[in-house]
Structure formats: C-alpha cells, structure tokens
Amino acid sequence: MTRPSSHAYSRRSGQRLSGLAAALPAVLFAAAARAEEPGAVIGHATPGQATMMEAVTPIAHEMHVFHNAILLPIITGICLFVLALLGWIILRYRESKNPVPTQTTHNSLLEVAWTVIPVMILVVIAIPSFRLLTHQLVVPPADITLKATGKQWFWTYDYPKDQGGGFSFDSYLIPASDLKPGDIRQLSVDNEAVVPVGKTVHLLVTAADVIHSLTVPSFGIRIDAVPGRMNETWFRAEREGVYYGQCSKICGKDHAFMPIVFRVVSEQQYAAWLASAAKKFAAAPQGGTRLAQNVAR
C-alpha cells in the first residue's frame with residue numbers, strides 16, 4: 001500500500017482542524033444555553049449535564065451572564081486563534097515547505113502586542129468581575145437571617161427567635177434504604193431548610209469542627225464554614241422549588257454525604273412551616289428526627 005505524501009497528509013489534517021474549529025463555537029454556545037432553557041430542570045444536576053444549574057437568584061443570574069456573555073466568547077476566541085496559529089505554523093513552516101529555517105530572533109511590534117493584548121483582555125474581564133464580587137460581598141437589607149453550621153458530617157440550621165423561629169435542627173442525608181418516591185439519592189435530607197420566595201435571606205455560616213463549604217449552585221453561593229469564624233452571604237430566590245447543594249471542602253471520610261437542601265415556598269407556607277417547626281424542634285433533641293415535609297409537599 002502506498003503511503004500518502006506529506007503534502008496530502010498535511011492537507012487532510014488541515015481540513016480536519018478547520019472542521020473542528022468551525023464546529024467548536026456552536027457546541028460551546030449550545031451547551032451554555034442549555035441551562036437557560038425555560039423548561040430545564042432546576043435545583044439539581046441531571047445525568048449528563050455539563051452546564052451550570054439554572055439560576056434562580058440575582059447573583060446567580062449575574063454569574064451566568066459573566067460566564068456566558070464575557071468569559072466564554074473570550075475563551076473561545078483565544079482557543080480558535082491559538083488553534084489557527086498552530087495550524088498555520090505547521091503548514092507554512094514544515095520542513096518540506098521551508099527547508100531553510102528563518103534566523104529571526106527579535107520583533108519589537110510582536111513583543112509589544114503579546115504583552116499589551118493580554119493586559120487589555122484582563123481589564124475587560126476584571127471590570128464585570130469586580131462588580132460581581134461587590135454584589136456578592138455587600139449584603140443588602142435582609143428580610144430573614146439564618147445560621148448554618150457545618151459539622152462532621154451534617155448541617156445544623158438556626159432560625160432566630162425574633163423572626164418567628166427560636167429553634168434549630170440538624171439536617172442529615174437520607175440513607176439509600178430509606179428513600180421515598182421523589183427523594184434523590186445522595187442529595188435528599190431528613191430536614192430541609194425552608195425559606196420564603198422573593199425574600200432576601202442573610203445567611204451566616206460557620207463550622208463546629210473542621211472547615212466545610214456551603215455551596216448551592218442555583219443560588220450562586222459558595223462560602224467556607226470555618227471553625228471560630230462567622231462568614232456571611234445572601235440570596236433571594238425568585239422561584240419556589242427545592243434547591244440542592246453539597247459541602248465543597250474535603251472535610252473527612254463522609255464529606256460526600258452532607259448535602260444541603262433549601263426548600264423555597266410562598267410566604268403563607270413559610271409562616272405555617274415556622275409554626276410547625278417551632279413546636280417540632282423547640283424541645284426536641286438534635287440529631288435525627290425527620291421533619292415531615294408538610295406544607296410544601
């Protein structure tokens with residue numbers, strides 16, 4: 001069998017690279033848009049999902065815009081440029097095409113360009129990045145304040161008395177053997193944190209033993225829970241539903257078994273849940289009674 005010439009091989013390689021380069025933007029932008037579809041499942045990731053979970057808070061929306069409208073086009077453009085540059089160098093300066101290598105060692109214009117252009121790209125990224133960071137860190141006037149404490153390996157939620165609470169409860173992963181219809185393996189918990197829709201929730205986060213990390217992707221929040229330190233974040237859920245997260249620090253042998261669940265309900269349902277939970281947990285010992293998912297299920 002005759003071996004193809006280097007020219008034919010290079011030509012076919014160039015065609016394959018061109019086809020890949022043409023298809024890459026469509027694939028990336030289609031994946032980015034998938035999470036924003038109106039009918040997409042929210043609250044938790046779905047099998048095969050490679051995009052961010054649907055945003056349901058102002059901060060999460062801003063994060064998605066920052067990623068999809070700013071970072072993704074810049075990253076795609078840089079990747080395509082580098083791919084095209086490599087392809088051009090391979091085809092133009094291969095040995096058969098350029099048997100005598102160039103002796104160029106210096107180009108002032110090129111050196112200035114490859115310094116200034118990356119700096120300009122970083123400035124374009126930095127402006128919306130700093131704005132987003134400010135919106136995350138500056139907590140607006142809150143309607144509700146909650147405290148979440150990370151422990152090995154579960155979460156404890158405290159509802160303040162001056163806001164109709166005055167109780168706390170532990171939230172444990174439901175074992176696979178106890179799952180009921182509608183529960184999600186490795187995500188559902190016995191006691192969900194409940195908050196009202198459309199209200200600004202000021203979330204205080206700490207830990208009792210080692211460093212944990214409270215992360216709820218649909219809310220756009222991720223904050224470390226550090227022993228002896230009280231961190232804070234906030235969210236305002238725009239839609240009712242159940243939203244899942246997980247501890248995002250490797251905090252011990254059961255790190256993978258301490259999910260976070262927030263159930264967002266109407267104000268009327270929240271008031272009813274507060275009354276029910278106050279009776280349930282005011283005198284109950286911590287660690288394991290499963291609060292019936294009464295008002296929201």
Of the numbered conditions (1) open to solvent by 10 Å² or more (accessible area, probe 1.4 Å); (2) within 16 Å of residue 56 (Cα to Cα); (3) hydroxyl-bearing (Ser, Thr, Tyr), residue 172 satisfies every one except a single condition; which is it? (2)
Name every residue in segment 175-205 that is closer than 17 Å to residue 43 by Cα, of a type in the set (D, E, K, R) and open to solvent by 60 Å² or more (accessible area, probe 1.4 Å), in order of residue number. 185
Residue selected from segment 132-176 under the condition among the charged types (D, E, K, R) and without any contact (Cβ under 8 Å) to a residue 40 or more places away in the chain, by the criterion farthest from residue 271 (Cα to Cα): 158
Hits in segment 153-166 (condition: outside any strand (DSSP E or B) and crowded, with 17+ Cβ neighbours inside 10 Å): 153, 165
Looking only at residues in segment 167-192 that are of a type in the set (S, T, N, Q) and not in a loop (DSSP other than H, G, I, E, B), which one is nearest to residue 152 (Cα to Cα)? 171
State which residue is farthest from residue 77 (Cα to Cα) when the search covers only segment 105-152 and only residues that are open to solvent by less than 60 Å² (accessible area, probe 1.4 Å) and part of a loop (DSSP other than H, G, I, E, B). 142
Residues satisfying the stated conditions in segment 257-274, i.e. within 19 Å of residue 152 (Cα to Cα) and open to solvent by 40 Å² or more (accessible area, probe 1.4 Å): 257
Of the conditions (1) loosely packed, with under 14 Cβ neighbours inside 10 Å; (2) under 20 Å from the mean Cα position of the chain (by Cα); (3) at pLDDT 95 or above, residue 84 fails just one. Which one is it? (2)
Based on this model, can you work out whether residue 254 counts as over 22 Å from residue 143 (Cα atoms) and surrounded by 17 or more Cβ atoms within 10 Å (Cβ to Cβ)? no
Residue within segment 233-243 that is without any contact (Cβ under 8 Å) to a residue 60 or more places away in the chain, open to solvent by less than 50 Å² (accessible area, probe 1.4 Å), touching a strand residue (DSSP E or B) at 6+ places or on another chain (Cβ under 9 Å) and within 22 Å of residue 67 (Cα to Cα) present: no
Can you pull out every residue in segment 218-229 that is under 19 Å from residue 62 (Cα atoms) and open to solvent by 50 Å² or more (accessible area, probe 1.4 Å)? 222
Hey, can you tell me all the residues within segment 193-215 that are among the aliphatic types (A, V, I, L, M) and outside any loop (DSSP other than H, G, I, E, B)? 193, 194, 195, 201, 203, 204, 205, 207, 214
Can you find a residue that is open to solvent by 80 Å² or more (accessible area, probe 1.4 Å) and hydroxyl-bearing (Ser, Thr, Tyr) anywhere in segment 64-76? no
Can you pull out the residues in segment 228-287 that are out of contact with any Pro (no Cβ under 7 Å at 6 or more places or on another chain), of a type in the set (Phe, Trp, Tyr) and not in a strand (DSSP E or B)? 257, 273, 281
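The values are calculated or read from the model by the stated rules, or taken from the named source; none is laboratory data. On a predicted model such as this, the values are computed, not experimentally measured, just so you know. Positions of Cβ are generated from backbone atoms using ideal geometry, with glycine treated the same way; all protein chains shown enter the neighbour counts. Surface accessibility is based on the protein's heavy atoms, side chains included, excluding ligands, DNA and RNA. Shrake-Rupley method; radii C 1.70, N 1.55, O 1.52, S 1.80 Å.
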